[in-house]
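Reading through the structure tokens given below for one structure.
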Amino acid sequence: MSDQHLPEHVSGDDAGSDLEPIRDPGLPEHQWRPTDVDPKAEKRAERQVAILFGLSALSTFLFLVSYFTFKVGDEWDSSLGLGVSNVALGGTFGAALLFIGAGIIQWARKLMADHEMVEMRHPAASSEEDREATLAALQAGLEESGIARRPLIRNSLIGSVALLGAPAVVLLRDLGPLPGDKLKHTVWKPNMRLVRDVVGTPIKASDIEIGDLINGAPEALFPTEENGYPEIEGVELQAEKAKGAIIVVRIEPDELQPGRGRENWDVDGIVCYSKICTHVGCPISLYERTTHHVLCPCHQSTFDLADSARVIFGPAARPLPQLPLGVDDEGYLIARSDFLEPVGPSFWERDSKDIGNQGEADV
Amino acid sequence: MSIDTSKVAESNRSSAATAAKPNRAGSVALWADERLGLGTAMKKNLRKVFPDHWSFMLGEIALWSFVVLLLSGVFLTLWFKPSMGEVTYQGSYDALRGIPMSEAFASSLHISFDVRGGLLMRQMHHWAAMLFVASMMVHLLRVYFTGAFRKPRELNWVIGSLLLLLGTLEGFTGYSLPDDLLSGTGIRAADGFMKSIPVVGTYLSFFLFGGEFPGDAIIPRLYIIHVLLIPGLLLGLIAAHMLLLVYHKHTQWPGPGRTEQNVVGYPMLPVYAAKAGGFFFIVFGITAVMGGLLTINPVWKFGPYDPTKVTAGSQPDWYMGWPDGALRIMPGIESHLFGHTIAWNVFLPIIVLPGLMFTILAALPFLESWITGDKREHHLLERPRNAPTRTALMVALMTFYGLLWAAGGNDIIAIKLHASINAITYFMRVAVFVGPLLAFAITRRWCISLQRHDEQKLLHGYETGIIMRSAEGGYSERHLPISESAAYTLTARDDDEVYVPETKVDENGVAAPVGRLDALRGKLSALWFADNVQRPTRDEIEEARHHFEHELEGGHDEHAALESSESVKH
């Protein structure tokens, strides 16, 4: 192991060092540690290491005791809300590990030989002979395969292997259905009642005070025998919920500035918008009644509900889609149609013409 | 081995090391060697030398936290059910009992409240993930600022960048799994991100979600990506990262006896193995204590995912914060063309920007070596101050990152500081462009000042703090020369060589014009090194030494001495 030989005080006479402003003084002399020269210090370090390992064993024992003593679930918020079991298990397990780590490191620092060694480096590149030998071997291999001389074989192989990419892609086709026009429609239909989102009770226009904001949903998501909507559950329910969610607010009618063609979409100042942000699709939620502004908590897009939910701040580019409202015979709020534009975030196939009458509000 | 171990702790060797008859361990080793040839493979590596410096430990934190992630992750898979099937919760946690939720969320609650040590493992797993990404980033900065990415280690830099990217994605897929309100909101936003991709976005979304958002496929699919696909890639890349580290041998700081040709440090067995192995237990132990004492991601407080609900202050894990910040400050720009929509407000900050940033990151070593024209191997680390432009470049990138990260918390900043969120957002829109430029300029000049300081120390010594009064009544501070080894360490660096485009002269003696790209390279190279302080020559140092000797003898007229030596450089 000649390349590991440690030359004490190399007087920097390797190539090029004459050009250095200061000569390399060489490695400093090794200093003995107290534990190397003082048997007492050595014994003390040995004891310290063993004690650390012993403390680890004790911690592990306490871990086992904690595991069988403390309950989870019932006492999940004891010990400052952290759960007594969790605190005890984490503390003892952590201690058991830390003591082992500290013991090993103490051992390495105090008792293992601390001589620095020198190893020579070699260039990362392979030697010229190796390179040539490899190239020759590669050449011979290619020569013997005849790949260069038989382009017919080579090209047909390349072609057939490349074609294998097609099954790899096609096999993924059934990951999901094609989008179709699913993003362009929601469950809303003419004359469908607006209901409260948690309990599913219909909303009476006269019950809404000015300044109120109600989180609503389409009645179709709460099917009963009475309303006759078909059962809906699972994936379909979640998808329709994710698109059909609405907010209903009542604004002082003179403060309302309806968009062109939207003059009759409100009911005495009650307007309804999609709850799904047009930025990336978070449900918007923070309403400031004095300004009629509603804020999306994800990226702070702010919409003015009195002005066709125009974007007044933040990264969203489009107003919230508005749902044209009406009232049925019993005085409950109903939709007069589906949303006239896709709800939620923008996507490639979305045509701005989809907006129909709301188109002008878009600009 | 010619090491003097005469005084090394006697407990290491209570008896003389004579050739004993083969014991059981010996025969096992023999058995293995006859089949695997371990002797040859281990001959050099068992005593492989690793240089010591605290900053070399940062990558180790990443490695060990990855091991903790594997261990705690396997534990979690024993109970976690990656399914979006609806169940009614009947577990120990009162507040959610009787509420319908996905099996994924119910099993997360089960792990937290009905499996002993389950909450600990969940929190350890999450903390270790934070530690993993954070330590990779800090390790990356260390490698960059010290120039450890230079030839022959550029490919390991690229592997490291990939590890950071994959680690981030692994984190995102992981915290999305419990299907709580917060993670569901993150997935919903991710759906919006995908849909913003022109032409294929909608299809990507429908294929990934198995239909329209939220579908019932996303959790199982993210699960297999999280527990098999990305960890497999991470393991492979980490193995490659370590193998290249061993092959190239570790870089080291310059110093007496430490050159480009050697590596000085402790042998793998026993010292480095013990220190690194011990450090594994430290990292593991710290994550365990954090898991026990610091609540993280309390999904039971958020409740199950409901696409119509969201909480204020919704934020991703911190390492996803910077693209989220870009998303927040991006103006709402959208194009409508021929019946199609391009959502620039989403596509640019969340799809293009991260891709661009990672490309820039991976390309940094190649960019620098192209500009400087430096094709030499480098094994000695450089102090950040000795590469002012490089250091300033990374600080500019850090500033960009940091400002975007802060923008990702613009709502929190607004609430805590009672500031206007609009004002913060408008400020950030400008600051992300101006801030990095300022940071670049300041850092570069700062580095050059530090270089001047080093030069002062070399030529004029250090400030002793002793104030002397001369016969004329003037006051001056006494300077003393720094030690030989300190002086050597300061000068052990490369001279800067500006790349000069070669003008090719044809046989008629007419110089061909320099290519445009080559000319640009020459200009960039000149700018790269502009104003750097070059180390003093041997003569200058000799001269400075004479001054000192003169000073120490004479002890006065210091002022004049300083003045004359100051005019030597610059």
Notebook entry, point to check: Just one of the numbered conditions (1) closer than 22 Å to A:CYS282 by Cβ; (2) touching a residue at least 24 places away in the same chain (Cβ under 8 Å); (3) touching a Leu at 6+ places or on another chain (Cβ under 7 Å) is not true of A:ILE251; which one?
Noted result: (1)
Note to self: Quick check on my filter: what residues within the range A:80-94 are at the interface with chain B (Cβ under 7 Å from one of its Cβ atoms) and surrounded by fewer than 23 Cβ atoms within 10 Å (Cβ to Cβ)?
What the structure shows: A:LEU82, A:VAL87, A:GLY91
Checklist line | Odd one out for B:ALA486, checked against (1) assigned to a loop (DSSP other than H, G, I, E, B); (2) over 19 Å from B:ILE448 (Cβ atoms) | finding: (1)
Checklist line | Residues located in the range B:189-219, provided they are under 17 Å from B:MET101 (Cα atoms) and not in a loop (DSSP other than H, G, I, E, B) | finding: B:ILE218, B:ILE219
Check: Can you name the residue in the range A:268-294 that is buried (at least 22 other Cβ atoms within 10 Å of the Cβ) and not in a loop (DSSP other than H, G, I, E, B) and is also nearest to the other protein chains (Cβ to nearest Cβ) among such residues?
Finding: A:PRO283
Margin query: Filter the range B:82-105 down to the residues that are touching a residue at least 60 places away in the same chain (Cβ under 8 Å), assigned to a helix (DSSP H, G or I) and under 38 Å from the mean Cα position of the chain (by Cα) and list them by number.
Written below: B:ALA104, B:PHE105
Note to self: I'm checking my understanding of the structure. Among residues of the range B:280-310 that are of a type outside the set (Asp, Glu), more than 7 Å from chain A (Cβ to nearest Cβ) and in a loop (DSSP other than H, G, I, E, B), which one is surrounded by the fewest Cβ atoms within 10 Å (Cβ to Cβ)?
What the structure shows: B:LEU294
Checklist line | Scan of the range B:248-273 for residues that are part of a helix (DSSP H, G or I), facing chain A (nearest Cβ under 7 Å) and surrounded by fewer than 21 Cβ atoms within 10 Å (Cβ to Cβ), ordered by number | finding: B:HIS248, B:PRO270
Check: Counting residues that are under 22 Å from the mean Cα position of the chain (by Cα) and at pLDDT 95 or above, which helices (runs of 4 or more DSSP H) fully inside the range B:350-455 reach at least 3?
Finding: B:353-372, B:388-407
Notebook entry, point to check: Do you know which residues across the range A:312-335 are within 25 Å of B:LYS195 (Cβ to Cβ) and without any contact (Cβ under 8 Å) to a residue 24 or more places away in the chain?
Noted result: A:ILE312, A:PHE313
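Among the residues in the range A:188-204, are any within 11 Å of chain B (Cβ to nearest Cβ) and farther than 24 Å from B:VAL87 by Cα? Even if it seems obvious, please write down each step before you answer.
Start the filter on the range A:188-204 by keeping residues that are within 11 Å of chain B (Cβ to nearest Cβ), which leaves A:197-198.
After this cut, where a residue has to be farther than 24 Å from B:VAL87 by Cα as well, the list is none.
Within the range A:188-204 (the criterion being within 11 Å of chain B (Cβ to nearest Cβ) and farther than 24 Å from B:VAL87 by Cα), the answer is no, since none of the residues qualifies.
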Note to self: I'm told A:LEU82 meets every condition in (1) within 30 Å of B:LEU380 (Cβ to Cβ); (2) of a type in the set (A, V, I, L, M, F, W, C); (3) within 36 Å of the chain's Cα centre (by Cα) except one. Can you identify the failing condition by its number?
What the structure shows: (1)
Next item on the list: With a cut-off of at least 3 residues that are in contact with an Asp or Glu (Cβ under 6 Å, 6 or more places away or on another chain) and at pLDDT below 95, name the helices (runs of 4 or more DSSP H) lying wholly within the range A:84-198.
Entry: none
Check: For the range B:209-250, how many residues are over 15 Å from B:LEU155 (Cα atoms) and either hydrophobic (A, V, I, L, M, F, W, C) or touching a helix residue (DSSP H, G or I) at 6+ places or on another chain (Cβ under 6 Å) (or both)?
Finding: 20
Note to self: For the range A:279-292, which positions are farther than 20 Å from B:ASP306 by Cβ and touching a strand residue (DSSP E or B) at 6+ places or on another chain (Cβ under 9 Å)?
What the structure shows: A:GLU288, A:ARG289, A:THR291, A:HIS292
Check: From the set of residues in the range A:181-231 that are surrounded by fewer than 17 Cβ atoms within 10 Å (Cβ to Cβ) and among the aliphatic types (A, V, I, L, M), which is nearest to B:SER205 (Cα to Cα)?
Finding: A:VAL198
Next item on the list: Within the range B:330-345, work out how many residues are within 7 Å of chain A (Cβ to nearest Cβ), farther than 14 Å from B:ARG429 by Cβ, without any contact (Cβ under 8 Å) to a residue 60 or more places away in the chain and not in a strand (DSSP E or B).
Entry: 2
Item checked: Residue match in the range B:495-512 (condition: within 11 Å of chain A (Cβ to nearest Cβ), at pLDDT 75 or above and either over 30 Å from B:GLN252 (Cα atoms) or under 40 Å from the mean Cα position of the chain (by Cα) (or both)) -> yes
Margin query: Criterion first (in contact (Cβ under 8 Å) with a residue 12 or more places away in the chain and among the acidic types (Asp, Glu)) does A:ASP338 satisfy it?
Written below: yes
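The values are calculated or read from the model by the stated rules, or taken from the named source; none is laboratory data. Quick caveat, the model's predicted, so the values are computed rather than measured. Glycine also receives a Cβ, built like all others from the backbone with ideal geometry; neighbour counts cover every protein chain displayed.
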